[in-house]
Structures are given as C-alpha cells and as structure tokens.
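The values are calculated or read from the model by the stated rules, or taken from the named source; none is laboratory data. Bear in mind the structure is a predicted one, so any value in this text is a computation, not a measurement. Note that we place each Cβ from the backbone using ideal geometry, even for glycine, and neighbour counts take in every protein chain shown. What goes into the accessible areas is simple: the full protein's heavy atoms, side chains included, and nothing from ligands, DNA or RNA. Shrake-Rupley method; radii C 1.70, N 1.55, O 1.52, S 1.80 Å.
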Amino acid sequence: MNNYKIAVIGGDGTGPEVVREALKVMAAAAQKFDFKYETVDYDFGGARYLKTNEVLPASAIGELSTFDSILLGAIGHPDVKPGILEKGILLKLRFDLNQYINLRPVQLFDERFCPLKGKGPEDINFTVVRENSEGLYKGLGSFENKGTKDEIAIQISHNTRFGVERCVRYAYEYARKYGRKDPKQLTLCGKTNVLTFAWDLWERTFNEVAKEYKDVKTAYAHVDAITMWFVKNPEWFDVIVTDNMFGDIITDLAAMIQGGMGIAAGGNINPDGVSMFEPIGGSAPKYTGQNVINPLAAVAAGAMLFREIGEDKAASSIEKSIRTVVTTKIKDLAAGKMGYSTTEVGDLVVKYL
Ligand code: IPM
Ligand code: MN
C-alpha cells in the first residue's frame with residue numbers, strides 16, 4: 001500500500017480552517033481508495049513571523065523537498081506589510097522548490113454561481129497554465145534617484161528560452177492529455193503587439209514546439225483581449241498558456257466566472273520534484289475563526305494534489321463529490337452565504353465521496 005508524506009502549511013487567516021476540511025476529505029478518500037499518507041504541519045505564516053521575526057527558517061526548503069507533496073492554506077496577514085510574507089514564503093517556496101508551473105483549472109459547476117448572463121457549465125471549462133518562476137516575478141529592477149522628482153523605477157520581465165520552453169511544453173502535454181475540445185486546443189495569451197522582446201520569444205517558442213504537437217490546435221490572444229473573451233466567449237478556451245504576471249491577473253478573472261474564490265484551486269508544480277497545492281483565494285482575515293469560509297477551493301486543491309502523486313481515482317472521486325455538493329446542496333459559494341458552515345461543507349463532501 002502506498003504511504004505518502006504530505007507537508008501541510010495552514011498559514012494565515014482562514015488558511016488553517018479550509019486546510020482542515022481538505023484533509024478531512026482527503027483522509028476519507030485515501031481510506032476509500034486504499035492508500036495512506038502521513039502529514040507534518042509547518043507553522044509558516046504571519047503569526048510565526050510576528051513572534052520570531054523570521055519569515056522562513058533556513059531548514060524549510062531542505063525539509064520540504066523530502067515530501068511527496070505540499071498542501072498550503074493561505075499566506076497574508078493584516079499586521080504584516082504586504083510583500084514580506086508573499087515574497088518570503090509563497091514566492092520563495094515556488095522558486096526554491098522549482099515549481100515552475102502554476103496550474104489553474106477553471107470550471108463552473110452550476111449556472112447559479114456564474115455572474116455571466118447566459119453562460120453555463122458547458123461554457124466555462126478551461127485551464128490556465130501560468131509560468132511560475134520568471135517574468136516580472138523574478139524581482140529584477142532598480143530605483144534611480146529614489147525619492148526625488150526625477151525618480152525612475154525599473155521592473156524587469158526576465159524570460160529565458162529554457163524557462164519559456166519548459167512551460168510551453170508542459171502546456172502542450174497538458175492539452176494533449178486533459179484538453180476537452182476536439183481537437184485539443186492551446187491558446188498563447190501574450191502581448192506581442194507591444195512587449196516585443198518577451199512575447200517575441202514566447203511566440204517563437206510556442207510555434208516551434210507546436211510542430212511536435214500536430215494534434216493540438218493552436219491559437220493566440222492578447223492579454224487585454226482575453227479578459228474581454230473570458231466575459232463574452234469563455235467557451236472558446238480549452239488550455240491557455242501565459243507568463244507569470246498575465247497568468248496572475250487572468251486567473252482572478254477566471255476564478256470569478258467559475259463562481260468566485262471559494263471554489264478556485266491551483267497547483268504550483270515541479271513535474272520532477274515537490275509540488276504545492278493551494279486554494280487561490282487568500283487568507284480572508286475578516287472571516288477567520290468563524291466557520292463560515294468556503295473550504296471547497298482547498299478541497300479541490302487536495303484533489304489536485306492526489307492527482308499529481310498518482311492517485312487519480314481518489315482525485316476524481318473528490319472532484320465528483322464537490323460537484324454534487326455544489327449543484328445540490330450549497331446555496332451560495334461566498335463565505336457566510338453557503339447555507340452550511342465550513343465544517344459542514346467538508347462533511348458533505350465526505351458524505352458524497
Ligand atoms: C497568487 C497570488 C500571489 C501571486 C501573491 C500572493 C504573491 O496572487 O497566487 O495568484 O501574485 O502569485
Ligand atoms: Mn493572484
């Protein structure tokens with residue numbers, strides 16, 4: 001029997017509450033599908049930082065690399081200046097564990113939860129493959145004449161052929177394996193008309209790699225236009241590949257059309273190493289400890305984690321149960337409006353496994 005090791009970082013705000021429900025569901029699914037896992041908790045986050053003045057202990061990366069996978073709740077604390085925890089924990093883990101793909105499936109389960117008029121589950125079902133290790137997130141740049149009226153702030157988008165190509169290849173493979181359209185379709189989302197260095201590299205790489213994936217139909221959309229299409233014609237999309245910054249932006253919009261942050265999950269993936277799965281919604285400090293936050297995004301992150309470690313059946317079973325709970329039980333996906341508490345929603349997913 002497989003016995004996995006999963007690191008759990010509950011993190012800040014409602015992170016620990018939603019992770020608890022995810023683990024409840026995962027434990028039930030593991031039992032059902034006959035595999036085991038052990039968890040080790042890590043207290044990384046704002047509270048620990050405020051107590052110890054240390055964002056991440058030096059041993060963290062080394063220790064986390066020994067796990068099969070990582071489940072993360074949320075990082076972000078109202079008493080810590082924005083950027084410290086995000087960069088010091090979340091982005092550091094993504095970079096240092098070489099999780100170079102940010103995978104964000106976007107699926108609407110029930111028309112009731114879609115803010116777009118006339119769109120249903122058959123229209124909103126695509127995946128964004130976001131590059132997760134380069135671009136503007138690389139943190140390169142400088143100030144000149146800081147604090148003067150002649151100040152210049154430079155922020156560099158750093159794109160390597162190696163980094164772009166491995167991301168694009170992952171996206172083609174993903175489209176081939178999981179694309180839902182016939183033929184499978186991969187859209188490059190960029191800005192070739194203005195950002196003519198970065199997107200020239202991306203476009204060339206995208207078109208060159210395409211030759212090895214003749215079964216995948218390719219398309220291109222500018223990032224500004226894609227925000228329009230997400231609202232007007234989301235059914236056009238199957239798999240989308242884009243850079244770190246554009247991926248960050250378009251996946252918040254995508255989360256809204258699938259029903260909001262309560263349901264949106266993502267994976268930070270190192271295909272050859274340790275990946276980390278998270279609800280993408282953040283720490284929602286005002287709902288902390290009230291048992292009202294929607295745990296389904298975290299539960300869905302748990303399902304993605306199981307798929308990544310090879311437990312496909314358990315993953316699919318959790319996803320099916322989420323769908324049942326969303327379509328037949330839940331009144332609203334937003335915190336406090338579900339008609340059930342956080343823990344009750346977790347129980348419901350267990351019940352319908
Ligand atoms: C996300 C978040 C992070 C990002 C922040 C918290 C650093 O917005 O996962 O999308 O920008 O990637
Ligand atoms: Mn984001």
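Side notes on the structure shown:
- Share of carbon and sulfur in the accessible heavy-atom surface of the chain [1.4 Å probe, %]: 52
- Note that region 125-257, at 20 °C in a medium of 1.002 mPa s, gets a Stokes-Einstein diffusion coefficient of 138 µm²/s from its Kirkwood radius over C-alpha pairs.
- Interchain or long-range residues, amide H under 5 Å from Gly266's placed H: Glu278, Ile280
- Taking a ≥ b ≥ c as the square roots of the eigenvalues of the Cα gyration tensor, an a/c ratio of 1.5 or more together with a/b no larger than b/c marks region 107-198 as oblate.
- Reducing region 6-22 and region 186-260 to their Cα centroids gives an inter-centroid distance of 31 Å.
- Candidates per GluC sites (Glu not before Pro) in region 178-223, loop by DSSP, up to 11 other Cβ within 10 Å: Glu212
- Relative contact order %, region 1-107, counting alpha carbon pairs below 8 Å whose residues are six or more apart: 37
- Considering only beta bridges that DSSP places wholly inside the chain, some 40 percent are antiparallel.
- Remark: the chain carries 44 Å² of accessible area per residue (probe radius 1.4 Å; ligands, DNA and RNA excluded).
- Summary of the geometry: region 289-306 and region 102-155, compared by the centres of their Cα atoms, lie 21 Å apart.
- Diffusion constant of region 1-95 at 10 °C, which comes from Stokes-Einstein with the Kirkwood Cα-pair radius and 1.306 mPa s, µm²/s: 113
- For region 228-284, the equivalent ellipsoid derived from the alpha-carbon gyration tensor has semi-axes of 21, 16, 10 Å in decreasing order.
- In terms of packing, defined here as the mean over residues of other Cβ atoms within 10 angstrom, the peptides 50-58, 223-231 line up highest first as 223-231, 50-58.
- Unit Cα scatterers, Debye sum, region 270-345: log10 I(q)/I(0) for q = 0.27 Å⁻¹: -1.23
- Lys-Lys pairs in region 125-257 that are eight or more residues apart or on separate chains and whose Cα atoms lie under 20 Å of each other come to 13.
- Nearby lysines by direct alpha-carbon distance to Lys337 (threshold 24 angstrom, same-chain neighbours under 8 apart not counted): Lys24, Lys117, Lys119, Lys286, Lys320, Lys329, Lys351
- Each Cα pair under 8 Å and six or more residues apart adds its sequence gap; the mean of these over the residue count of the chain is a relative contact order of 24 percent.
- Relative contact order %, region 125-257, counting alpha carbon pairs below 8 Å whose residues are six or more apart: 37
- Most positive-pole-ward Cα, Leu188, Tyr178, Val216, against dipole of region 167-217 from beta carbon charges: Tyr178
- At 0.890 mPa s and 25 °C, Stokes D of the chain from Kirkwood alpha-carbon radius, µm² per second: 118
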